[in-house]
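The values are calculated or read from the model by the stated rules, or taken from the named source; none is laboratory data. As the structure is a computational prediction, the values presented were derived from the model and not from experiment. No Cβ is skipped: glycine too gets one built from the backbone with ideal geometry, and neighbour counts run over all protein chains shown.
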Amino acid sequence: MEADQYLEMFLDESREHLQAVNDNILKLEKQPHDLDLVNEIFRSAHTLKGMAATMGYEDITSLTHKMENVLDMIRNRQLTVSTTIIDIVFSAIEYLEDMVKAIGEGNDGKKDVTGLVHQLDQIEKGGQVTTAAQSNTVEEENLINFDELGLDEFQITIIEQAKEQGFSPYQITVTLTDECILKGARAYMVFESLEEQGEIIRTNPSVEEIEEGDFAQSFSIIFLSKEGVDIIKTVIVKVSEVKEVEISNLASLSNVNQPSSDMPDYEEENTSSQIINEETAATIEKTTQAESSGHTSKTIRVNLEKIDDLLNLFEEVVIDRSRLEVIAESLSNQALTDTVEHMRRVSTDMQSLILAMRMVPIEQVFNRFPRMIRGLARDLNKKINLEIIGADTELDRTVIDEIGDPLVHLIRNSADHGIELPEIRKQSGKSEEGNLILRAFHSGNHVFIEIEDDGAGINRGKVQAKAIENGLISASEAEILTDDQIANFILSSGFSTADKVSNVSGRGVGLDVVKSKIESLGGQITIESKAGKGSVFSIQLPLTLSIIATLLVKVKQETYAVPLSSIIETVILKKKQMMYAHGKKVMDFRGKIVPLVSLAAVFDVQEEEESDTNVYSVVIVKKGEKLTGLIVDSFIGQKEVVLKSLGNYLKDVFAISGATILGDGEVALILDPNALIK
């Protein structure tokens, strides 16, 4: 088997099984007597072990094997779940995650797991065996053990699965005549004959040694077939120079450490000492799946790069669609207009479908946090209950890849600075256990992620003093700011009010990086806080980053696209309604003074002479609670556009996030309203 072609599948399924183990271990800690959870964990660990062994990742195999042994003792009531066991299993999960991640990055996935293996081994040896298990020992000693046949647990699992599907396991010993010269060729002919009747899952010696003739006169095979002994023997003796054939049915044999019948039904090891017919194995798998579920899966795995390539191609279709719309309008041809209109409807549906393919549940990010909170609570000597709401909320895969680290920092910050120690909470009339809520939900074309805690809130006095000390505001300015406005200063660069540095947070860096990362994704972060009640960190993110809805505006001879997600309203402002404050243009917008910014002045758009207009076209944009009016010459209309990067030579252009090609072939710059808001 070429392992490389299965690497992506191995990585995807390994991550899924590790997440399943992680989730169920957390549940098991709270429900230590729930054997259904133990069985779920066991199945995931067992499957991961089988896949790792097949791919040749020995460290993952050895560690999951030891985990599996401990879990097997728990589910057989030979061992009781304890905090120590949970801690060691969590450490093992972290090791496994590191190894899988390393494999995904192109490394060999090796890691020194001897310490953890030893700890798990000690747990296994120290487990208390129940009376029932002891009573079975004498009976088991009278049975032939599969181990005596040289079979490992992977091969035993295959045999058990095959037996459930009506196959019989046989041990076949073939002896060739003393005169046989081409022993390898004769052995190969035996293999060929047998494979028409069933499955060879192990040979002794190895396949390579047998085919090279590197054995005495006999070799043995473990064989799965639905045929009887006589038919199998007849097939083999037809091969010339076969002297003797001995066949034993292994169906009545037992294995002391045999896996239970509820093992996953899709593992097989494919090493140099095995010949696994993939077609037959797949048939067994499909049959089992059909019997258990009544239908076959209609889901396939698609490489993310292919979806990205598909989206890039569709972006070109969107550009051409806009071009055709302009041409159809100029020609006034009804047939062409009808065709373009149909193309617009179909392509709009295609766009929705492709974007939906890129959307993934945010639970892929959220799933890491329960274990993290468990560790933080222990490190900080706090009691913290984490509640996750809206984990099925979908977000663009590009955003998912980038949002994990900012969320980790915000959650660690809430656990460290927000939630108080149990004794302090008790003195304040709160429960000793602090509550941390991680919430996600859709609103319009955005996804909101909120991190809410019921801790002490943000200390206005400390933050205000630090902001004044850092020169961010003056003392007089601070007095007129709200608590939430003061709280948002903690997002400033190098801002920290921690009394001491901890290994969790308080190093004076981090939240400004969080803010920068979120804004680079086209999002924004705001803070609401009440002293003694807690804080809410709210992150607003766009659903997708590639095709966006915009308002096209005209500034002299230039066309700009303003993202609709940032627009509150468009206004026609009369000249007499324009006001001035501190020498700057402002307007009254629903009782609130809003600063005005001229795009012509910002981008130095040349005009022949000073215009003497009596009205101004204004786009009101927002960033959190801040509003700004952008003065333009006219509104063109709404348009979905493809966001294209300006490339390496035009990086970091002020207030420009990208460009797009319009239907008439003109290039329009896409504004970044966040940079223009005063």
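What the table shows:
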quantity: Unique match (being outside the structural domain of T393 (by TED's automatic domain parsing), more than 24 Å from K644 (Cα to Cα) and more than 22 Å from the chain's Cα centre (by Cα)) among L551, L564, L573, L511; calculated: L573
quantity: Scan of the stretch 181-226 for residues that are in a loop (DSSP other than H, G, I, E, B) and within 24 Å of G166 (Cβ to Cβ), ordered by number; calculated: E196, Q197, K226
quantity: Residue identified as under 28 Å from the mean Cα position of the chain (by Cα) and of a type outside the set (S, T, N, Q) among R345, R378; calculated: R378
quantity: Selected residue (criterion: farthest from N385 (Cα to Cα)) from residues of the stretch 414-444 that are surrounded by 14 or more Cβ atoms within 10 Å (Cβ to Cβ) and under 24 Å from the mean Cα position of the chain (by Cα); calculated: A440
quantity: Matching residues in the stretch 534-557 - criterion: being modelled with pLDDT of 90 or more and more than 28 Å from R590 (Cα to Cα); calculated: G534, S535
quantity: Selection from the stretch 632-658 of residues that are small (G, A, S) and more than 30 Å from the chain's Cα centre (by Cα); calculated: S634, G637, A655
quantity: Unique residue being under 34 Å from the mean Cα position of the chain (by Cα) and not assigned by TED's automatic domain parsing to the domain that holds S443 when the list is M350, M372; calculated: M350
quantity: Test result for M9, buried (at least 22 other Cβ atoms within 10 Å of the Cβ) and within 20 Å of the chain's Cα centre (by Cα); calculated: no
quantity: Lone qualifier among I354, I319, I327 - being in a helix (DSSP H, G or I), over 30 Å from S414 (Cβ atoms) and in contact with a Phe, Trp or Tyr (Cβ under 8 Å, 6 or more places away or on another chain); calculated: I354
